[in-house]
1. Defining a contact as two alpha carbons under 8 Å apart and six or more residues distant in sequence, what relative contact order in percent does the chain show?
2. Using Cβ contacts closer than 10 Å as the measure, can you line up 111, 147 from fewest to most?
3. Ranked by Cβ crowding within 10 angstrom, fewest neighbours first, how are 92, 50 ordered?
4. Over segment 1-91, consider all pairs of different Cα atoms and compute the Kirkwood hydrodynamic radius from their mean reciprocal separation; express it in Å, one decimal.
5. What lysines sit close enough to residue 132 to cross-link, taking a C-alpha to C-alpha distance under 21 Å and skipping anything fewer than 8 places away on the same chain?
6. Whats the longest run of the chain with zero trypsin sites (Lys or Arg not before Pro) that are DSSP loop and have at most 15 other Cβ atoms within 10 Å?
7. What net charge do the residues around residue 36 carry, taking every other residue with its C-beta under 9 Å from that of residue 36, with Lys and Arg at +1 and Asp and Glu at -1?
8. When the helix-only estimate is applied to the chain (DSSP H runs of n ≥ 4, each -39,500 (n - 2.57), divided by the residue count), what is the mean residue ellipticity at 222 nm, nearest 500 deg cm²/dmol?
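Please treat every number below as a calculation from the coordinates, not as lab data. These figures come from a predicted structure and were not determined experimentally. Here Cβ is always computed from backbone atoms with ideal geometry, including for glycine, and neighbour counts include all displayed protein chains.
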Amino acid sequence: MNPWQTLSAKEKYDNRWINVTEYQVINPGGGHGIYGKVHFKNKAIGVVALDADGNTWLVGQWRYTLNEWSWEIPEGGGALEEEPVEAAKRELQEETGLVATTWTMIQRVHLSNSVCDEEGFLFLAEGLTQEKNNLEETEADLKVWKLPFKEAYQMVMDGKITDSLSVTGILKTFQLRKF
């Protein structure tokens, strides 16, 4: 049973990707307050691509929200009504040009559940072949890096990869594939 009581809701912002609503609430302790919620209009999708030689692919780009460069697994958004694996296939090919024959969903995650409802899905892609990538306009500065999976794992352990989908996907793959 939900211990929070919602008294009212007011939309504060809306665009094609997110909606922000402020709620007047009574919290579980009985106090009155506000709660802000960011509703995401897409699913977050992440892909750990792994070849037969133990290599993976990272993509690097400038993240506007962080004002810094970020190395990540290939990732992007999928429409709420779209099957997550279909979005994963599209994102992997779009960013790296890779196509996989084997897809395994390895984790479902909530990315920042104290303020948003964004749901993420992580996949392991294997049986890889290289085709042409198809970058979006916002990915014009995207760099693709093929490296041994163990190096990507070490980047997570050293705090050089901080993106939550990437950290989760790499750590889960490390466990599943017993590196």
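1. Working: 375 pairs, mean separation 40.4, N = 179.
That works out to 23 percent.
2. 147, 111
3. 50, 92
4. 16.5 Å
5. The qualifying lysines are 89, 143, 146.
6. Details: sites that count: 16, 41, 132, 160, 178.
In short, 42-131.
7. So the surrounding residues net to +1.
8. Mean residue ellipticity, 222 nm, calculated: -6000 deg cm²/dmol.
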